[in-house]
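Let me begin by presenting the structure, written as structure tokens, before commenting on it.
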Amino acid sequence: MSNSLKLNRDGDVAIVTIDNPPVNALSFHVREPLMQALIELRDDPSVAAIVIACAGRTFIAGADITEFGKPMQQPELRAIIATLETIAKPTVAAIHGTALGGGLELALGCHFRVADTGAKLGLPEVKLGILPGGGGTVRLPRLVGAVKALRMIVSGVPIGAAQAHEDGLVDAVFEGGLTTHAVNFAREIARKGGPFQPVRDRDEGLKETDLAAFDAEVAELAKKARGLDAPIACARAVRNAVTLPFNEALAAERALFVTLVGGDQSRAQRHLFFAEREAAKFPGKDTSKRRIGRVGVIGAGTMGGGIAMAFANGGYPVTLLETSHEELRRGMGTIEKNYTVSVTRGSLTEEARDERLSRFKGSTDYADLADCDLIIEAVFEDMAVKKEVFGKLDAVAKPGAILATNTSYLDINEIAASTSRPQDVLGLHFFSPANVMKLLEIVRAQKTAPDALSTAVDMARRIGKVAVVVGVCHGFVGNRMLAARGSESEALLLEGATPGQIDKAFTDFGWPMGPFQMGDLAGLDIGWRNRKARGQAAVIADTLCEQGRFGQKTGRGFYLYEAGARSPVADPEVETLIREKAAERGIAARAISAGEIIERTLYPLVNEGAKILEEGIAARASDIDVVWVNGYGFPVGKGGPMFWAGLEGAGKIIERLEYWHRQTGKDVFRPAPLLKRMAGTGSWEPDATA
């Protein structure tokens, strides 16, 4: 019928095959012929049943996201599903790969769904700041129940075919030969005769719904939403499926969808969706890559152990090196404990844990790294120590092996210069815990070979990381901007704010935690060592460290942590210390608003991002957003600092930066030229015009 849709017959069963690579998205050029085919087959008396299948590696993986926010070309998905539901003969969706978003909603329009054993089904729209707009919130509860539908829709996490079958979402699961099985299934169903009930008319999942229990679950979900509108709207739509007639619930779903898709949060989350994909592209990208078989990790502490786990989780064999057998045993013990915790939580099977542990080989001898294709050091953050490690690697690593440093701040060009192979050296800045955090800053040194960089980006994807290529400067993108964000933290304390007040301003903004909670979690001694190495000081934080208050690990930092608890408790001693240090400097306490806190912390963050773009440390403003959302907890619903700056208004940010520059004289408030240009053009691109 068209290049993107084929119609075949197997006897009296019609097979409609969608072929729109790479993921069979429901673009207009798919929807139009699909609607025509369904109408023709509905009215064809020689057709006893219809199977909807897909070519390629997956079933329909969703709508065409590029069409969002634009006038929708007809027919739209809802009309196609409505047409499906007018077909009296049995319709069967044959699902392989992934049935996501609009793909699953189309399948829900069929009478039956069959799946390959490896298939995954989900409604991930919440991750784009919207809800399923094709009836997913109204039909799914009718099959699996309101609570299961709520969890599936609000989390956006797909479920496997076996779980879908158990829940009633899928009618049969087959191993291989899916289309043939689907045709036989459809023919047998047709032979038995109807009538065949569409999902919209089924109510087995809605019977005896406990609305009180449902609302209690919604209340818990709301606490985790952190200001995001979409999860709350999803919950409301699922509740409507229980309490309203089908057509009313469907209309309410559409109204919620339209509101969300036109809002700033969805715009921000769609921006991030594309930004993550764009981040994998970088200037001078080489299509050739080096083979990575075995990975070496130097250091079995918190960071090194986490990095090693990330690679083992990704299927790589890992050689883990430590300075002594005792340190190696301790590190491997922690790794085994972490995996066992995952088994206890049910996120990992015992077999998977044992398989991952089998990928580790421990050593205290650098010579055992000779067969590694990628070697990452995760040792003490000191240039002399790093150079010593790379000197040893230069002697034992095989030709072509990529040598990476996990430094958070240090000059990788200087590290590379200490070897005879600077073309093989780059930075892999993981974020703690490295086996959990998604972000990986890949730092391109001055002489890093293009194929080494391309290999690192490809490897990051294999171990489930979101990679962003950045340039060399102190702190790269993330930590350099973090320093700008934190530059006023102590000044705010001395002028009258409390740690709790500042942290609350951050959590109200949408951050998972504030800067002082984060400092206590990470360990205040880390920043203390870094400041001392650079000849800098922070009067409050330094004094706390001198008192042995390093945060959660010592039970005391900016807050108290009683009996090993992770919940912070305000400490009167810290507030007394702040007032004493303020008095020593002649600073009188005053009331400080949440708005001032945001201006003096987040506006410098944006300003530093503009400087980073000017210097070419980051290739795109969207790369900075990816770094901050995935590595530092910048609120997803605000799209990252650079996107948020556009929402906030660059002119407003400049005005307030200039005000605080006059008040303090600090360079952190001096507006960057690119920020001023952005105020005029509305774009971070240097060549943009108004």
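What follows draws every value from the coordinates through simple rules; no lab data is involved. All figures in this text were calculated on a predicted structure; none of them were measured in a lab. Cβ atoms come from the backbone with ideal geometry, glycine included; neighbour counts cover every protein chain shown.
Quick notes on this one:
- Annotation for the stretch 300-344 versus the stretch 466-528: alpha-carbon center distance of 28 Å.
- If you take all other residues with their beta carbon under 15 Å from the beta carbon of residue 160, and give Lys and Arg +1 and Asp and Glu -1, the sum is 0.
- Principal axis extents of the Cα atoms in the stretch 1-82, from largest to smallest and rounded to whole angstrom, are 41, 26, 18.
- Cut-off 15 Å (backbone N to label point 7 Å along Cα→Cβ of residue 380), residues of the stretch 326-345: none
- Cα-based helix-to-principal-axis angle, 572-584 vs the chain, degrees rounded to 10: 50 degrees
- Bins of 10 Å from zero: percent of alpha-carbon pairs in the stretch 483-637: 10, 37, 38, 14, 2
- Full-stretch length increase - residue 522, residue 659 - with 0.36 nm per residue and alpha-carbon distance subtracted: 46.0 nm
- Potential lengthening of the chain between residue 39 and residue 216 amounts to 59.4 nm, from the contour at 0.36 nm per residue minus the alpha-carbon distance.
- From least to most packed, judged by other beta carbons within 10 angstrom and beginning with the fewest, 459, 332 follow the order 332, 459.
- Neighbour-count ranking [beta-carbon atoms within 10 angstrom, fewest first] of 309, 303: 303, 309
- Shown for 593, 2: other C-beta atoms within 10 Å of each C-beta, ranked fewest to most, produce the order 593, 2.
- Zone residues, the stretch 331-373, relative to residue 162, backbone N less than 19 Å from point 7 Å out along Cα-to-Cβ: 342-356
- Rg in Å to one decimal, and Dmax rounded to a whole Å, for the stretch 5-261 via C-alpha atoms: 17.3, 55
- Within the chain: Cβ-based charge dipole about Cα centre, in debye rounded to nearest 20 (Lys, Arg +1; Asp, Glu -1): 480 debye
- Note: relative contact order over the chain, using C-alpha pairs below 8 Å and six or more positions apart, is 9 percent.
- Rounded, prolate or oblate (a/c below 1.5 giving rounded, otherwise prolate when a/b exceeds b/c) for the stretch 497-584 by Cα gyration tensor: rounded
- Formal net charge of residues neighbouring residue 296 (Cβ-Cβ distance under 10 Å; K, R +1; D, E -1): -2
- Label-to-label distance for residue 666 and residue 438 is 3.1 nm, based on points extended 7 Å past Cα in the beta-carbon direction.
- Distance from the stretch 13-68 to the stretch 569-594 (C-alpha centre basis), Å: 65 Å
- Pairwise label distance in nanometres, residue 364 with residue 647, each label 7 Å out on the Cα-Cβ vector: 5.3 nm
- Close lysine pairs were tallied over the stretch 295-477: pairs 8 or more places apart or on different chains with Cα atoms under 22 Å apart number 11.
- Using only alpha carbons, the stretch 315-389 has a radius of gyration to Kirkwood radius ratio (Rg to Rh) of 1.03.
- If R0 is taken as 30 Å, the Cβ-Cβ distance between residue 553 and residue 392 corresponds to a FRET efficiency of 0.50.
- Anisotropy class assigned to the stretch 568-690 is prolate, per the alpha carbon gyration tensor with a/c at or over the 1.5 cut-off and a/b larger than b/c.
- Calculated P(r) over Cα pairs in 10 Å bins from 0, in percent (choose from (i) 3, 11, 13, 14, 16, 16, 14, 9, 4, 1, 0; (ii) 3, 12, 21, 23, 17, 10, 7, 4, 2, 1, 0; (iii) 3, 13, 21, 23, 20, 13, 6, 2, 0, 0), label: (iii)
- Cα gyration tensor of the stretch 109-249 - equivalent ellipsoid semi-axes, whole Å, descending: 29, 18, 12
- Considering helices alone, the calculated mean residue ellipticity of the chain at 222 nm is -15000 deg cm²/dmol, with DSSP H runs of length four and up weighted by -39500 (n - 2.57) and normalised per residue.
- Model label zone, residue 570; criterion: amide N under 12 Å from point 7 Å along Cα-to-beta-carbon; scope the stretch 485-516: 497-504
- Rounded to 10°, Cα long-axis angle of helix 146-155 versus longest principal axis of the chain: 50 degrees
- Listed pairs 224/504; 127/207; 638/666 exceeding 18 Å between Cα atoms: 127/207; 638/666
- Rounded tilt (10° steps) of 211-225 against the dominant C-alpha axis of the chain: 40 degrees
- Per-residue extension of 0.36 nm, minus the Cα-Cα distance of residue 86 and residue 585, leaves a gain of 171.8 nm for this segment.
- The Cα atoms of the stretch 62-105 give a gyration tensor whose axes a ≥ b ≥ c have a/c of 1.5 or more with a/b no greater than b/c, which makes the shape oblate.
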